[in-house]
Structures are given as structure tokens and as C-alpha cells.
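Undergrad: One structure follows; several queries about it will come next.
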Amino acid sequence: MKLTRVLVLVVALGAGVLAALLASQMSSPPPEPAKVASAPAAPAPPPPETVDVLVAQKDIPTGKKLEAADIGWQSFPKAGIVEFYLTRTARPSADTELVGSIARAAVLPGEPIREQRLLKADRGFMSVILSPGMRAAAVEVKAVSTAGGFVLPNDHVDVILTRAAVKGAGMAGGDNFTSETILTNIRVLAVDQQVGDRPEPALTVKDTVTLELTPRQAEMMAQAQQLGVISLILRSVREPAERIAEEPEQQGGSVRVVRAGVSSTVNIRR
């Protein structure tokens, strides 16, 4: 055998071996990546400690007598508990003890029940909601003299008295009337027998409005009702506490009135 043929055979054999090695490497799966050890997960924080608090289960309007379905226990975070909340730990039977009490103020669903805002059913409601030292006085009114019927409990009003003026030597003939504000920023306790707010104002004629007055104001109101017509002027809830400066009193003009065929002039003061 010639040397050339031997070399060709050796080269061919080496190429075959190399091809076989390459084929085996390409067909074998890639090596798995080395696993990295993960850090241990942080433990979950413990749930906040809770306390059962007595809350309103439904809307409780002012003056409503509490029923068993109106109140119930609800879990509250212990960190947010206020001292005047009623808790199951301190008062386990509060949900039954307070049944029959009357709400002095409206309570919204989910709002904690405060015993200070309740009163026993055997006591008069109006005497309880009165501020210390104040009196409740009823005023006979009509819708036209109560801001069109929009005056509702817990509103604040000014009281205006309109009466016939005493005729003097310097006054013109005819009927003369004067209007003056006798009381300001007066709280309305009730309208007829309604002591709480309604979802919408009732545009109906009212018979009486009960006002919260000092003893002296109550005397003035009793006298004013005998002197003339009482009107209640509704004040804005956004009105500042300080008194607003008013314009000085001035003559407001006159109106010609015909009664039973007799013409007269009515002077109006502002």
C-alpha cells in the first residue's frame, strides 16, 4: 500500500471521529444552570388586634326610639378605640340595655353609638335637647313667614316683628308699619312635631316652630306675638360667627292700598 493511501485513510478516519463527537454534543441536552439559594421569606405581620364596638346598623334619625335591629357589634382596630365608644369587653350587654332609648341626634349606619347622645324613654325629649339655661318657646307661623317652608329643625334664624307704627304728629296719614329684627341667630328645635331633619324639605304650611331662647328672649317673643306678625328669616350654615354689619335704617318708600273703597298710603321702613 502506498503512503498516500495510508494518509488519506488516516485523515478520513480522523474526520469521521471528529464528526461523531460534534454530533453527540449537539444532540445532548444543555447542562442545567446552577441553582442559586433564595433568601428566606420574611414572616407575615400579625393581624391587628380588634375590639367589638357597638355601632348603628341603619340610619337612626333624631328622636327615634332604638330597637334591637338598630344597633349591633362590629370589630374595630384596638388602636383606634376612643374612650366613649361602647365595647363588648366593657359593656357586654349594652346592645340590649340601650334598646328603648331615644336618639338625641342623628346617627349614620356604621357610626359608633355614644351613650351621651341617647336618653331614657321616660324623660321628656325636648327638655333633654335644650342647652343648659335655655327655654323652648313655640311661635305660631305660616309657610310664607318661614322662608317658604324651608326652615327645618337645627337651622338658625333671625326673628323679625312687623307691626303697626304708632302715629305721630310728624307722620303722614294712612296706615304705617314697621319691621325690626328683635332676635338673631336663634336655633330651631322643632317644626310642629318634627325634631329631626328630613331627606328633603317639606313644602307645606307649618303651624308652630319651637325656638331655643334665653328666659329674657322668651319674654320678648311672647310680647312680640301680641304686637304683630312674626317672620323667621333663615340664616346660612356657612355664615361666620361674628355679626355682620348692617346698613343704617332708612325709609323704604310707600305703597298705595285700597280697602273697602278707601285709599290709603302705607309707609314701609327698612
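Undergrad: Kindly state which strands (runs of 3 or more DSSP E) lie completely within segment 130-245 and contain at least 2 residues that are at pLDDT 65 or above and surrounded by fewer than 14 Cβ atoms within 10 Å (Cβ to Cβ).
TA: 176-191
Undergrad: Further question on the same structure: Check Trp73 against each of (1) under 30 Å from Ala190 (Cα atoms); (2) of a type in the set (A, V, I, L, M, F, W, C); (3) at pLDDT 85 or above and name the one condition it does not meet.
TA: Exception for Trp73: condition (1).
Undergrad: Test of understanding: among Ala90, Ala105, Ala56, which residue is surrounded by fewer than 12 Cβ atoms within 10 Å (Cβ to Cβ) and not assigned by TED's automatic domain parsing to the domain that holds Thr210?
TA: Ala90
A quick yes/no check of all residues on (1) assigned by TED's automatic domain parsing to the domain that holds Arg117; (2) surrounded by 10 or more Cβ atoms within 10 Å (Cβ to Cβ); (3) touching a helix residue (DSSP H, G or I) at 6+ places or on another chain (Cβ under 9 Å); (4) modelled with pLDDT under 70:
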{"position": "Leu3", "(1), (2), (3), (4)": "no, no, no, no"}
{"position": "Val11", "(1), (2), (3), (4)": "no, yes, no, no"}
{"position": "Gly14", "(1), (2), (3), (4)": "no, yes, no, no"}
{"position": "Leu18", "(1), (2), (3), (4)": "no, yes, no, no"}
{"position": "Ser27", "(1), (2), (3), (4)": "no, no, no, yes"}
{"position": "Pro30", "(1), (2), (3), (4)": "no, no, no, yes"}
{"position": "Val36", "(1), (2), (3), (4)": "no, no, no, yes"}
{"position": "Ala44", "(1), (2), (3), (4)": "no, no, no, no"}
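The values are calculated or read from the model by the stated rules, or taken from the named source; none is laboratory data. Since this is a predicted model, take the numbers as computed values, not measurements. FYI the Cβ positions are ideal-geometry reconstructions off the backbone, even for glycines, and counts take in every protein chain you see.
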